[in-house]
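Have a look at the structure below, then the notes.
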Amino acid sequence: FPNTNDKLYKNFWPASLHVIGKDILRFHAIYWPAFLLAANIKPPIRVFSHGWILSGEEKMSKSKGNILNPLEIINTYGNDELRYYLMKEVPHGSDGNISLKSLENCINSDLANNYGNLCQRVFSFIKNNCGNKVSKRRNISKSDKNLIEQTKILTKDLRKQMDEQNLNNYIKSVINISFLTNKYINDEEPWKLKETNTEKMNNILHISLEQIAKISILLNPIIPKKSSKVLDSLNINTDMRNLEFLDGKNIIGDEITIKKLDILFKKTTS
């Protein structure tokens, strides 16, 4: 029974969100709050009921033998990869049908070819052409402004998406930022500027690193291990890994030195 004067209790209770499975909703939305009120303890502010993960069209069940072993999946594909897939492909609050084939497609398209490729191409280019150091040296161009404005649009409702447990929509917005940044690099072609305009090249790379930092912070609750590797390679302190940039604050300084970044995600084939 909690000591209601305890500092830890006061900081974390009442719970802002109580998450439970839909098959036990009645017990946690009716009986549990009643017990708390009877004990003169405030009930949770909100109760959120999540759905089931389905195998085929049915709920996973030992008796039916249709269970996908999460430990086997993690050993084969990775912990972050499974977390990302479940968060994106299963709408929080609804039932979700999963399969190993769709897991592989998700890893390849979103993580390996999109976010992972973005990080790898930028870090490798800076290592090979800039001695791991990039400086912001010029006013931003029209294409720079477009990327920044499009990113602001995609991040505008992210706090609301999180507060309302719309995690799959949250992830789709974040991965779209990665897609836009990849397109920006393709369009700006910094590899063509090394001999002709290093100032513009540095600016493109600096903006790309700022984008990678934003994407990695936003993905950190979903894929904490891999995104932390990126943030470590960007030398971003833990106290800077927050959402203040959503209000217009920059994450990296005018000059940044990066560390080596290994390949984050391997493409999968069954």
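The values are calculated or read from the model by the stated rules, or taken from the named source; none is laboratory data. Just so you know, these numbers come straight off a predicted model, no measurement behind them. Note that we place each Cβ from the backbone using ideal geometry, even for glycine, and neighbour counts take in every protein chain shown. The protein model used for the area step is the full one, side chains on, heavy atoms only, and it has no ligands, DNA or RNA in it. Shrake-Rupley method; radii C 1.70, N 1.55, O 1.52, S 1.80 Å.
With all protein chains present and a 1.4 Å probe, how do Tyr77, Tyr31, Tyr85 order by accessible area, largest first?
Per-residue accessible area, sorted high to low, gives Tyr31, Tyr77, Tyr85.
Could you tell me which residue out of Ser173, Met162, Gln150 lies farthest along the dipole of region 137-194 toward its positive end? Charges go on the beta carbon: Lys and Arg +1, Asp and Glu -1, centred on the Cα centre. Ranked along the dipole, the leading option is Gln150.
Can you give the charge dipole size of region 92-201 about its Cα centre, rounded to the nearest 20 debye, using +1 on the beta carbon of Lys and Arg and -1 on the beta carbon of Asp and Glu? Could the numbers behind the result be given before it?
Working: 18 positive and 13 negative charges, 122 e Å.
Magnitude of the dipole: close to 580 debye.
Measuring with a 1.4 angstrom probe and ignoring ligands and nucleic acids, Ser216 comes out at about 0 Å² accessible. Largest mean-square fluctuation among Ser135, Ser143, Ser61, in a Gaussian network model of the chain whose springs join Cα atoms under 10 Å apart, belongs to Ser61. DSSP beta bridges confined to the chain are antiparallel in about 40 percent of cases. Taking trypsin sites (Lys or Arg not before Pro) across region 216-270, the ones in a DSSP loop with at most 14 further Cβ atoms lying within 10 angstrom of their Cβ are Lys249, Lys259, Lys260, Lys266, Lys267. The charge dipole of region 4-161, taken about the Cα centre with unit charges on the Cβ atoms of Lys, Arg (+1) and Asp, Glu (-1), comes to about 1000 debye, rounded to the nearest 20. Note on exposure: Arg137, Arg46 ranked by accessible area (1.4 Å probe, complete protein assembly) read Arg137, Arg46, with the most exposed listed first.
Loop exposure criterion: GluC sites (Glu not before Pro), DSSP state outside H, G, I, E and B, at most 16 other Cβ atoms within 10 Å. Applied to the chain, the longest stretch between such sites is 58-163.
If R₀ is 45 angstrom, what is the calculated FRET efficiency for the pair Leu68 and Glu199, using the beta carbon separation as r and rounding to 0.05? Can you show the working numbers first?
Details: r = 52 Å, r/R0 = 1.16.
For Leu68 and Glu199, the calculated efficiency is 0.30.
Just one of (i) 24, 22, 19; (ii) 28, 20, 18; (iii) 40, 24, 16 is semi-axes √(5λ) of the Cα gyration tensor in Å as worked out from the coordinates here. Which one is it? The calculated read-out lines up with (iii).
For the listed residue pairs Lys22/Lys42; Lys22/Lys183; Lys172/Lys260; Lys152/Lys267; Lys10/Lys259; Lys64/Lys226, the alpha carbons are over 32 angstrom apart in Lys22/Lys183; Lys10/Lys259; Lys64/Lys226.
Cα centroids of region 188-227 and region 43-110: 31 Å apart. In this simple spin-label model, placing a label point 7 Å from the Cα along the Cα-to-Cβ direction at both Thr76 and Met240 gives a separation of 4.0 nm. In the context of the full set of protein chains, region 75-133 has a per residue accessible area of 42 Å² (1.4 Å probe). Across the accessible surface of the chain, with the other protein chains kept in place and a 1.4 Å probe, carbon and sulfur atoms take up 51 percent. Surface listing: Thr76, Thr198, Thr269, Thr151 arranged by accessible area from highest to lowest gives Thr269, Thr76, Thr198, Thr151, probe 1.4 Å.
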